[in-house]
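> Right, I'll just put the structure down here and ask away after.
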Amino acid sequence: MVHRPHEVSDFQEDIHVVSDADGEAIGVIAIHSTALGPAAGGCRFWHYDSHAHLTADAIRLARGMSYKNAVAGLPLGGGKAVLQRPAGSFDRAALFRAFGDAVESLGGAYVTAEDVGTGVADMERVRERTRYVAGLHAEPGKSGGDPSPWTARGVFESMRAAARFALGSDLEGLTVAVQGTGNVGAALCRMLRGAGARLVIADIDRRRVDALVAELGARAVGIDEIVAAEADIFAPCALGGVLNARTIPALKARLICGAANNQLATEADGEALAARGIVYAPDYVVNAGGIINVSAEYLGEAPEEVEQRVGEIAPRLTRILEAATSDNTPPHIVADTLARRIIARGRRAAA
Ligand code: NAI
């Protein structure tokens, strides 16, 4: 594994190239900040058209993790791994063991877990090579397992709080457009249905959509239609960058609240949403449930601790939305300012 220091953003510490057993580069680990503790963030396994795009995504995602962990009050810095999904057939177990070797070589500076395209079984392969991994099968009475249900719960409770704040309404009878019905999106859909919301859904995986249409009576639309679907709330639960100069003018929803990381393509897009009177629930504030569970598993904390911390997400979002209104500042700026302040405090304390 080659180590390449890389100064690309406000806190960037370094980028590590992950290689397979033959020395071929298969991805990167980006460490954004260790001011508050080991850099923690999941491992994404996805197709990228170039190593440069993959690396750029890792850097953005790592920064999001620093901010997310700081705002959630966790003793963790921010990092992220992104691995290139091979086009043809491949030895999945060997690939995740090689990733485990890369994580181990960082000596605990980075702690991994699941993200898009990876699951508990992959993290078990990583565990064969390193102890700096969470999101493993939960032992009875202990924290652990798939973080997605916790993420979905934090997003759901945040959406309920934000709907009250922004739309003056409970979720019952509201229409929510959910983009991406994977681990988090599907769990979120079930909670929303339970709360009496109507669902419009889209996913590039047609089987996932069909299953939720049958189970929940959701309405399916095409992947190009979901952003502009007639809905009160838009919940991005697929990949990042969905809120951009092309999509924002088309939005019908008045509130955005979803699980995807890095929903805003640029900072200016957060301002464009505010200018349109659309309330944006900052992604890393509302989707912290998963990392809260991962953190508790890694630090050996009890499930009750997870329950309590996830329960703090929605009230925290409400405070951020209130501050955004009273300061006439977009919510993503309020959240970023809060995150930077907490990280700076951590740096000073560590100095
Ligand atoms: P997943 O891989 O289970 O689901 C993602 C879904 O999005 C897949 O079904 C995929 O087919 C679909 N998708 C991809 N591109 C799409 C497009 N253009 N249009 C519609 N659907 C599309 O991933 P998961 O775990 O559900 O995560 C979803 C998002 O939430 C990701 O951005 C992830 O980084 C974020 N997140 C997940 C956490 C977790 O605990 N799993 C924690 C925090 C954030």
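Since every read-out is calculated from the coordinates, none of them should be taken as a lab result. Note that this is a predicted model, so its numbers are computed, not measured. All Cβ positions, even for glycine, are placed from backbone atoms using ideal geometry, and neighbour counts span all protein chains on display.
> Within the set of pairs 6+ apart or on separate chains, which have a first residue in region 247-266 that is under 13 Å from PRO236 (Cα atoms) and free of Cβ contacts under 8 Å to residues at least 24 places away in the same chain, a second that is within 14 Å of the ligand (Cβ to nearest atom) and among the hydrophobic types (A, V, I, L, M, F, W, C), and C-beta atoms under 7 Å apart?
Close Cβ pairs (under 7 Å, with a partner that is within 14 Å of the ligand (Cβ to nearest atom) and among the hydrophobic types (A, V, I, L, M, F, W, C)) amount to THR247/VAL227.
> How about region 269-289: which of its residues are in contact with a Phe, Trp or Tyr (Cβ under 8 Å, 6 or more places away or on another chain) and under 12 Å from LEU74 (Cα atoms)?
GLY289
> Could I ask something else about it? Would you tally the residues in region 16-58 being in contact with a helix residue (DSSP H, G or I) (Cβ under 8 Å, 6 or more places away or on another chain) and of a type in the set (Ser, Thr, Tyr)?
Counting residues in region 16-58 that are in contact with a helix residue (DSSP H, G or I) (Cβ under 8 Å, 6 or more places away or on another chain) and of a type in the set (Ser, Thr, Tyr) gives 3.
> Would you call ALA166 in contact with a Cys (Cβ under 6 Å, 6 or more places away or on another chain) and either farther than 23 Å from VAL111 by Cα or more than 8 Å from the ligand (Cβ to nearest atom) (or both)?
Numbers: in contact with a Cys (Cβ under 6 Å, 6 or more places away or on another chain): no; either farther than 23 Å from VAL111 by Cα or more than 8 Å from the ligand (Cβ to nearest atom) (or both): yes.
So ALA166 does not fit the description; no.
> Output the number of the condition that HIS332 fails; it satisfies all remaining conditions of (1) under 17 Å from the mean Cα position of the chain (by Cα); (2) within 15 Å of the ligand (Cβ to nearest atom).
It fails just one condition, (2).
> Give region 154-172 a look and list any residue that's in a helix (DSSP H, G or I) and of a type in the set (Asp, Glu), or say none. Before the answer, list the steps.
First, pick out the residues of region 154-172 that are in a helix (DSSP H, G or I): 154-167.
GLU157 - this is the single residue of region 154-172 that is in a helix (DSSP H, G or I) and of a type in the set (Asp, Glu).
> Then there's this: What residue, of ARG160, ARG208, is basic (Lys, Arg) and out of contact with any Asp or Glu (no Cβ under 9 Å at 6 or more places or on another chain)? Let's see the steps before the verdict.
On the way: ARG160 fails: out of contact with any Asp or Glu (no Cβ under 9 Å at 6 or more places or on another chain).
Criteria check complete, one pass: ARG208.
> Take region 191-207 and flag every residue that is within 13 Å of the ligand (Cβ to nearest atom) and surrounded by fewer than 16 Cβ atoms within 10 Å (Cβ to Cβ).
ILE204, ASP205, ARG206, ARG207
> Would you say ALA186 is crowded, with 18+ Cβ neighbours inside 10 Å, part of a helix (DSSP H, G or I) and away from the ligand (no atom under 13 Å from the Cβ)?
no
> Right, next: Of these, THR151, THR130, which one is assigned to a loop (DSSP other than H, G, I, E, B) and touching a helix residue (DSSP H, G or I) at 6+ places or on another chain (Cβ under 7 Å)?
THR130
> Still on this structure, I have one more. Has region 86-108 got any residue that is touching a residue at least 12 places away in the same chain (Cβ under 8 Å), within 14 Å of the ligand (Cβ to nearest atom) and not aliphatic (A, V, I, L, M)?
no
> Okay, moving on. Could you tell me whether GLU307 is free of Cβ contacts under 8 Å to residues at least 12 places away in the same chain and either of a type in the set (A, V, I, L, M) or surrounded by fewer than 22 Cβ atoms within 10 Å (Cβ to Cβ) (or both)?
Criteria met by GLU307.
> Further question: In region 208-247, which residues are under 22 Å from the mean Cα position of the chain (by Cα), buried (at least 22 other Cβ atoms within 10 Å of the Cβ) and more than 13 Å from the ligand (Cβ to nearest atom)?
The answer is ILE233, and nothing else.
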